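Down below is the structure, laid out as structure tokens.
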Amino acid sequence: MQKQVNEILAQARSEPPNILQALLVLQEKLGHVPLEAVPEIAHTLGTTTAQVAGVLSYYPDLRVTAPGRHLIRICMGESCFANGCGRLLREVQDRLRIDMGETAAGGKVTLDTMSCAGNCAVSPTVIIDRDLYGRVLPSQLDAMLERYK
Amino acid sequence: MSMATRLFLSNDTSARAAGAGPVADAWSDRPEVQLIRTSSRGAFFLEPMVERDSPDGRLAWFNVTPQDLPLILSGTGGTPVRSIPFLAQQTRFTFADFGETEPLALDEYQARGGLQGLETALRRTPDAIIEELRVSQLRGRGGAAFPVWNKWKVAQQAKADEKYVVANADEGDAGTYCDRMILEGDPFRLLEGMLICARAIGANRGYVYCRQEYPAAAATLRAAIHKADEAELLDLDGEFFPIEVVEGAGSYVCGEETALLESLEGKRGVVRARPPYPAQAGLFGRPTIVSNVLTFATIPNILSRGGAWHAALGTEQSRGTMALQLGGRVKQPGLVEVSFGLSLRQVLDQFGGGMAPGARFKAVQVGGPLGSLFPASQLDIPICYEAFAEAGAVLGHGGIVVYDHQTDMVDLARHFMAFTAHESCGKCTPCRIGSVRGREILERIQAGSGTVDDLVLLADLGETMKVASLCALGGRAPYPVLTAIEHFPAEFRNRLRT
Ligand SMILES: Cc1cc2nc3c(=O)[nH]c(=O)nc-3n(C[C@H](O)[C@H](O)[C@H](O)COP(=O)(O)O)c2cc1C
Ligand code: SF4
Ligand code: FES
């Protein structure tokens, strides 16, 4: 792990070192930022573990655990709220039997919310991995989730 | 052999979400079609919209599916774009070319008047550029509505080894998407605005802080920067002016300019106390102009057409046009660029087209998560900064979200407070503690165990947050909650424990 972290960070070096961008690169490559790598990251960036841990805990998108193979994000922004995202969230939770922020058994899918995808005019919005779906109806959920089996 | 017919289809994220992707896939290998992927006109209720040239200007087909191809190729059933009321009633300047051009076609951008603002700026002194902006009376479109020229003057006069220009592409207000449309659809307009600013203040380097939720925007912008570099546009008085796209990590408060700068430096996105203002001491302590994407994109026209042109549009204290973004339960959600001054009702009726089928109006929220709610009785308010300030409301970034009769106001109020509690940066107590207490009170009321005292407490808490918070997140967060209680008191009272 130490070697891998170092290799990744070597490619993302900047002057002065940028903790957030370093963590984002690590997450991009590893899927998450392992907590046990924090001292090594701090050492490589020439900063303290407290600084790195502080940044890591601050940003909602930084994960310290591996996400499922698929990441489902349901927009909870106001336009989606007005268009029934609450019901979508409940139905997805029922189908997958998981709570927000949780990963389903078997590590298949992680469910999360987000606060706006900028797709408000074609809402409600659901994003699965890199695919964005608009005007999502509860009746379409089964077919949609089927694609990410 | 007959020539392939040129068909135009938007590649905007929301056009794709509406179904443009399958249309493009189905037609991509049809020899009779030359498909051109454009920006979107913003009439999202009509997307996917396919257009073709005609003697009458562009003809459009609405809500197209792959099966509509024969119809479109035969030329039957198309509507002249200039007769679509949603578009025809708008006053488009910043968004004039949307739906017409390919986002990365620099030659097309230039052919339609792009880069003329920059050319003008390059011929002028920094003082003369700033004077043009003073005359224009342009105010920032990111939320705070501060006069643009004023910030530029401060940054210009500051002495420093380096200065920076930062475009705020965090677009955190739910219900807003005009920055995303610009980034994806007309990226050179943003770059041109940033270059004009750099030239005026003497900046060495530019950044675009783009929210992580906008991957297509970041990719398009990076490609545009590359093209601009190849065309040697990133050159100011012989000096290379690099522009870098930096992505955020899902924090709303990082849209606040000082938190944004902390985040750009790679730190926790915590709000800085002001003064000093970023224009005096911003990124790495250097003078920095942080401005919204829409603000920058408005500037090229001001330089090429003149400040007086801009000042002639709008109302006394709100000059120019505003990009309003309709969402929620309106029949016709989409982008509306109009001069300031129309009433909220006119916007909802003329452009929104009334309510979505089966929906009855309950309230409309203007200005994102920090904006107030308006009931049906208050829709005559003109859309301009001065009228909103007088009403204790904000236009923010122009988001307009309509709620229908099924909306549970207690649930909505709880949703707002939960959002603030989640997004508070924690720097000041009224917001950090207040938002959590506020959320707890609303959860109690929602669960049926709240009391009259809880409503009083919530009102007190809201007043404290308004006056004592360090930034507008804590300072404005009470507004949607308190206006919900003000306009729909029965819904809250009926949920109280008796
Ligand atoms: C909590 C909070 C979030 C904000 N989010 C944004 C944002 O996403 N985009 C933006 O341009 N301005 C945002 N602002 C306003 C910025 O602080 C700043 O005023 C703006 O970027 C200045 O640009 P302008 O002068 O062009 O409006 C936010 C402010 C606050 C308090
Ligand atoms: S009001 Fe909230 S977000 Fe703003 S500085 Fe205070 S704690 Fe941070
Ligand atoms: S509110 Fe959901 S996409 Fe904007």
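The values are calculated or read from the model by the stated rules, or taken from the named source; none is laboratory data. Small disclaimer: the values here were computed from a predicted structure and weren't measured. Heads up, the Cβs are rebuilt from the backbone with ideal geometry, glycines too, and the neighbour counts pull from every protein chain shown. Accessible surface areas use protein heavy atoms only, side chains included; no ligands, DNA or RNA. Shrake-Rupley method; radii C 1.70, N 1.55, O 1.52, S 1.80 Å.
Rolling a 1.4 Å probe over the protein heavy atoms gives the range A:70-146 an accessible area of 41 Å² per residue.
Summarising the strand pairing of chain A, around 55 percent of its internal DSSP beta bridges are antiparallel.
What does the structure give for B:16-23 when I average, per residue, the other chain Cβ atoms found within 10 Å of the residue Cβ? Numbers along the way, then the final one.
Details: counts 6, 14, 5, 3, 0, 2, 0, 0.
That works out to 4 on average.
Per the Debye formula on identical point scatterers at the alpha carbon atoms of the range B:16-108, with no solvent, log10 I(q)/I(0) at q = 0.10, 0.16 Å⁻¹ is -0.26, -0.68.
For B:Ala88, what charge total do you get from the other residues with a beta carbon under 14 Å from its beta carbon, if Lys and Arg give +1 and Asp and Glu give -1? List each step's numbers first, then the result.
Numbers: positive: B:Arg41, B:Arg58, B:Arg82, B:Arg92; negative: B:Asp56, B:Glu337.
That sum, taken over residues with Cβ under 14 Å, equals +2.
In the protein assembly as shown, carbon and sulfur make up what percent of the accessible area (probe 1.4 Å)? Could the numbers behind the result be given before it?
Details: 12830 of 25530 Å².
Summing carbon and sulfur atoms, their accessible area is 50 percent of the total for the protein assembly as shown.
What the Cα convex hull of chain A gives, in volume per residue, is 124 Å³. Close Lys pairs in the protein assembly as shown, defined as Cα atoms under 23 Å apart and 8 or more places apart or on different chains, number 12.
Heavy atoms of the protein chains alone define the surface here; on that basis the range B:409-493 has 40 Å² accessible area per residue at 1.4 Å probe size. With 20 Å² as the minimum drop in accessible area between chain alone and full protein complex (1.4 Å probe), the qualifying residues in the range A:32-68 are A:Gly54, A:Val55, A:Tyr58, A:Tyr59, A:Pro60, A:Asp61. Solvent-free Debye calculation, one equal scatterer per alpha-carbon of chain B: log10 I(q)/I(0) at 0.10, 0.12 Å⁻¹ equals -0.79, -1.11.
Interface B-A: total buried accessible area of about 3200 Å², 1.4 Å probe, protein heavy atoms only.
Solvent-accessible surface, computed for protein heavy atoms with a probe of 1.4 Å, shrinks by 40 Å² or more for the following residues of the range B:218-258 when the other protein chains are added to the isolated chain: B:Ala249.
On the principal axes of its alpha-carbon atoms, the range B:409-493 has extents of 34, 20, 20 Å, going from largest to smallest.
For the range A:123-139, a drop of 10 Å² or more in accessible area on going from the chain alone to the assembled protein chains (1.4 Å probe) is found at A:Arg130, A:Leu132, A:Gly134, A:Arg135. At q = 0.07 Å⁻¹, what is the log10 ratio I(q)/I(0) for the protein assembly as shown, with the Debye formula run over Cα points and no solvent? At q = 0.07 Å⁻¹ the computed log10 ratios are -0.44. Restricting attention to the protein assembly as shown, close to 50% of DSSP beta bridges with both partner residues there are antiparallel. Taking packing as the residue-averaged number of other Cβ atoms within 10 angstrom, the listed peptides B:9-20, A:82-93, B:396-407, A:122-133 run from highest to lowest as B:9-20, B:396-407, A:122-133, A:82-93. Averaged over its residues, the range B:321-404 has an accessible area of 27 Å² per residue, based on protein heavy atoms and a 1.4 Å probe. Secondary-structure-derived ellipticity at 222 nm for the protein assembly as shown, considering helices only, amounts to -11500 deg cm²/dmol, per-run term -39500 (n - 2.57) for DSSP H runs with n ≥ 4. The C-alpha atoms of chain A define a longest principal axis, and helix A:2-11 lies at about 80 degrees to it.
May I ask you to derive the relative contact order of chain B, considering only C-alpha pairs under 8 Å and at least 6 residues apart, and to give it as an integer percent? List each step's numbers first, then the result.
On the way: 1011 pairs, mean separation 67.6, N = 498.
Averaging sequence separation for qualifying contacts and normalising by length gives 14 percent for chain B.
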